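The values are calculated or read from the model by the stated rules, or taken from the named source; none is laboratory data. On a predicted model such as this, the values are computed, not experimentally measured, just so you know. All Cβ positions, glycine included, derive from the backbone under ideal geometry; neighbour counts span all protein chains shown.
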Amino acid sequence: MLDKTTRCLMKAYKKRKVEKDIAKHRKSLAKEEEAFLEEFLSNDENREWAKGRRLEYLRNEKIGLIKKWSKLYFIKSENWFEELMSEYRNKITSKIKRIDMEISLYKKPVKMEGITDEMIARAKEYPIRDLLGDPVMNKYCCLWHNDKKPSMHYYEGTNTVHCFSCGKSGDSVDVYMELNNSNFIEAVKALSQSYV
């Protein structure tokens, strides 16, 4: 029979050996996963699919964070708790900014060929009312998220819209881009030609 010290040493040795085996296995899995991703992303179609999935995830994450932030905004209580909430809101805000930055990296750069500042100004003057129809109490259903009740407010004076659910704002160019799934240049050309 083995004494207590020897048994403890043997257990420690076996545990350490198992931990080493697990670490080796994790490394080999990581290498296999990396090789699979490299092969998978070598195809342009798969790369575009992966970008689309990542963008969808980031947008949903952003909407969730905005909802959390808005819930925390209305909580009022003692000073120490208010300081904690303020700190937490600041963390959420920084996460939202980080998500916005990553989303902007995925967007393709657009060359501003063939459009002028006057065309852009004319396109932004195009009435949003003509694109979306008449609003109900100056509200529309949001274009940027699934909206059951109108939450996107229309501001006729500035010709802009703002959704209080998802936090997205835009002018007539943004609305046209979202409605017609077009880029900035196409939207400016279409709106500036139709609005004289």
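Regarding Tyr154, is this residue more than 25 Å from Ile66 (Cα to Cα) and surrounded by 15 or more Cβ atoms within 10 Å (Cβ to Cβ)? In short, no. Of the strands (runs of 3 or more DSSP E) contained entirely in segment 92-196, those carrying at least 2 residues that are of a type in the set (Val, Ile, Thr) fall at 160-163.
Candidates are the residues of segment 31-64 that are among the hydrophobic types (A, V, I, L, M, F, W, C) and at pLDDT 80 or above; the one that is surrounded by the fewest Cβ atoms within 10 Å (Cβ to Cβ) is Leu55. So, Ile128, is that one in contact (Cβ under 8 Å) with a residue 12 or more places away in the chain, aliphatic (A, V, I, L, M) and not assigned by TED's automatic domain parsing to the domain that holds Asn60 or not? The answer is yes for Ile128.
Scan Thr93, Thr116 and give me the residue that is within 26 Å of Asn60 (Cα to Cα) and of a type outside the set (Phe, Trp, Tyr).
Working: Thr116 fails: within 26 Å of Asn60 (Cα to Cα).
The match here is Thr93.
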